[in-house]
Amino acid sequence: MSADVDPGPPSTAPPLRVAVVGAGPAGIYAAEALTRQGDVPVAVDLIDRLPTPFGLVRHGIAPDHPKMRAIRDTLHRALDHPDVRFVGNVEIGTDISCAELQATVDAVVYTYGAALDRHLAIPGEELPGSLAATDLVAWYTGHPDADRTVVEAALARARSVVVIGVGNVALDVARVLARTPAELEPTDMPQHVLDALAAAPVEEVTVLGRRGPAQATFTTQELRELGELAAATVLVDPADLELDAAAEERAAADRVVSRNLTVLREWAQHSPEPGRTPVRLRFFARPVRLLGSDRVSGVEVERTVVDEDGRASGTGETTVLPADLVVRSVGYRGRGLPDLPLDEQRGTVPHEAGRILREGRAVPGEYVAGWIKRGPTGVVGTNKHDARETVATLLADVAAGLVRPGGGGVDDLVAELRARGTDPVLLEDWRAIDAAEVALGATRGRARTTLHEWDTLLAAVKAAVRAE
């Protein structure tokens, strides 16, 4: 269009009002995809149960990964968009139901992740000293729901630690527990976390994988960082790196597996060093029982073999590892919300290209993205493509007339929530929390210290309001 052509009056069409449930990467990427397209005017409410955004970037990525956690600076740009409104401190199913939310807006995109841990289903798993990685990670990242009493009691007696699982979260846990206090001091961990980790008597860490190194799911970057600890030595049994034909074929076809094996073979030449914490990676080993009476004292481990399809089976050969703390990191699963369908086996919401299925039938106006859509797979960036697919489905439904802008029954979601007695935390409120964390960190020479209690987080908001 030439510059002298009158484009006409601005459109008076109502915007497409979309509620995105979950302000982690998947939700923020969905909001970004909605605001970057130019075909349909939008107004996005980005809802989260917590008074803080960023989901697993804030409460999942280990605090000793500052470069990875810095992705929240990128995510923050989406929150600053004038067509996006952060609405924190709102729990779907309590403050407003799924059905009520659906009635207030034109479309809902559920991106609330997969927060539940998977169990080992072995005897002794419920003994004190047995923790889920989700509980430990929530604690050291300062999640307001973390159970300090249970985690810190377990750490106080943890000389021998066994971490079960060979994904990135398992490596995070092993790395954090093997770090020196000086390495952790610059992080944004709450002070009580730094104090408890400094006092923990950890002398050795063992990471168990029931299959072989060719089937491990950690990334090479995460693996290499385990070998960069100031006072720990990574040990690998060379026998675990003797691959059969199927594993060799997998390594040849997958560059990540090939790079991982290169790193592991370097470590297989290591020997224990006096004064350094041994971090052992053991493959072909599955736990069959946690030992102990009043608390965990060991793990009975069975040697496994892996068939050509990558399935592990036991050999009957068992050994016992001493363990004062056992951390299971064997996957996450999504939880259900009232009024929302859930595949209990997969822990995901059934869908078709992001469009929710109810009793096998696609329902325009209801969508999913992120882990609750596909399961706990991929890295943070995987959510961008995933969210774009869901938003494309939503916009196709708008183009087909299946979702109509202006169809919601409430003029303003925040006003409706306040009328119900809920006190939403908006973007400026979050900025007050952010500023309080930066100020707290500055008192100890850090860039930030995470506020970890509900009352403290909300008090930062109230203090900012009083100061205005």
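The values are calculated or read from the model by the stated rules, or taken from the named source; none is laboratory data. No experiment lies behind these values; they were computed from the predicted model shown. As a convention, Cβ positions derive from the backbone with ideal geometry for all residues, glycine included, and neighbour counts pool all protein chains shown. To get the accessible areas, we keep the full protein, side chains included, count just its heavy atoms, and leave off ligands, DNA and RNA. Shrake-Rupley method; radii C 1.70, N 1.55, O 1.52, S 1.80 Å.
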Next item on the list: With the Cα gyration tensor of the stretch 333-454 in hand, convert its eigenvalues to equivalent ellipsoid semi-axes via √(5λ) and list them largest first in whole Å.
Entry: 34, 22, 15
Next item on the list: Sequence neighbours fewer than 8 away in the same chain don't count; with that in mind, list the lysines whose C-alpha is under 29 Å from Lys384.
Entry: Lys67, Lys373
Checklist line | Antiparallel %, DSSP beta bridges [both residues in the chain], to 5 | finding: 35 percent
Check: For the stretch 40-151, what is the charge dipole size about the Cα centre, in debye to the nearest 20, if Lys and Arg each add +1 at the Cβ and Asp and Glu each add -1 at the Cβ?
Finding: 440 debye
Next item on the list: Just the number, please: carbon plus sulfur as a percent of the accessible area of the stretch 1-159, 1.4 Å probe, no ligands or DNA/RNA counted.
Entry: 54 percent
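Quick check on the chain: helices-only [θ] at 222 nm, where DSSP H runs of length 4 and up contribute -39,500 (n - 2.57) each and the sum goes over total residues. Nearest 500, please.
-10000 deg cm²/dmol
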Notebook entry, point to check: Which ³J(HN,Hα) values, rounded to whole Hz and listed in residue order, are derived for the stretch 307-318 from phi using the Karplus coefficients 6.51, -1.76 and 1.60 in 6.51 cos²θ - 1.76 cosθ + 1.60 with θ = phi - 60°, glycine and proline given as x?
Noted result: 7, 5, 8, x, 8, 9, 9, x, 9, x, 8, 10
Notebook entry, point to check: Going toward the positive end of the dipole of the chain, with +1 on Lys and Arg Cβ and -1 on Asp and Glu Cβ, which of Val327, Pro15, Leu440 do you reach last?
Noted result: Val327
Margin query: Rounded to whole Å, give me the distance from the Cα center of the stretch 300-358 to that of the stretch 98-123.
Written below: 18 Å
Notebook entry, point to check: Against the longest principal axis of the chain, how steep is helix 255-267, in degrees 0 to 90 to the nearest 10, with axes from Cα atoms?
Noted result: 40 degrees
Checklist line | Accessible surface of the stretch 291-399, 1.4 Å probe, proportion on carbon and sulfur as whole % | finding: 48 percent
Check: Taking +1 at the Cβ of each Lys and Arg and -1 at the Cβ of each Asp and Glu, which of Val57, Val296, Ala153 sits farthest along the dipole of the chain towards its positive end, judged by Cα position relative to the Cα centre?
Finding: Val296
Margin query: Placing unit charges on C-beta atoms (Lys and Arg positive, Asp and Glu negative, everything else neutral), compute the dipole magnitude of the stretch 220-354 about its Cα centre in debye, rounded to 20.
Written below: 400 debye
Margin query: In whole Å, what are the extents of the chain along the principal axes defined by its C-alpha atoms, from largest to smallest?
Written below: 76, 54, 48
Next item on the list: Return P(r) of the stretch 300-378 (all Cα-Cα pairs; 10 Å bins starting at 0; whole %; ordered from short to long distances).
Entry: 16, 30, 21, 21, 11, 1
Item checked: Three-way shape label, the stretch 127-206, alpha-carbon gyration tensor, a/c 1.5 -> rounded
Next item on the list: Would you mind computing, in nm to one decimal, how far apart the modelled labels at Leu357 and Asp411 are, each placed 7 Å from Cα along Cα→Cβ?
Entry: 4.1 nm
Margin query: Could you compute how much accessible surface Arg85 exposes when probed at 1.4 Å, giving the result in Å² to the nearest 10?
Written below: 70 Å²
Notebook entry, point to check: Averaged per residue, what accessible area in Å² does the stretch 42-183 show with a 1.4 Å probe, protein chains only?
Noted result: 34 Å²
Item checked: Two-decimal log10 I(q)/I(0) for the stretch 283-337, as the Debye equation yields it once each C-alpha is a single scatterer, q = 0.16, 0.29, 0.30 Å⁻¹ -> -0.62, -1.12, -1.15
Next item on the list: Please go through the stretch 287-378 and write out the GluC sites (Glu not before Pro) that DSSP classes as loop and that have at most 12 other C-beta atoms within 10 Å.
Entry: Glu308, Glu344, Glu359
Note to self: Quick check on the stretch 278-420: of the DSSP beta bridges with both residues there, what percent are antiparallel, nearest 5%?
What the structure shows: 100 percent
Notebook entry, point to check: Leaving out ligands, DNA and RNA, what percent of the accessible area of the stretch 172-215 is carbon and sulfur, probe 1.4 Å?
Noted result: 48 percent
Item checked: Rounded if a/c under 1.5, otherwise prolate or oblate - the stretch 40-144, Cα gyration tensor axes -> oblate
Item checked: Net charge dipole size for the stretch 98-215 [Lys, Arg +1 and Asp, Glu -1 on Cβ; Debye, nearest 20] -> 500 debye
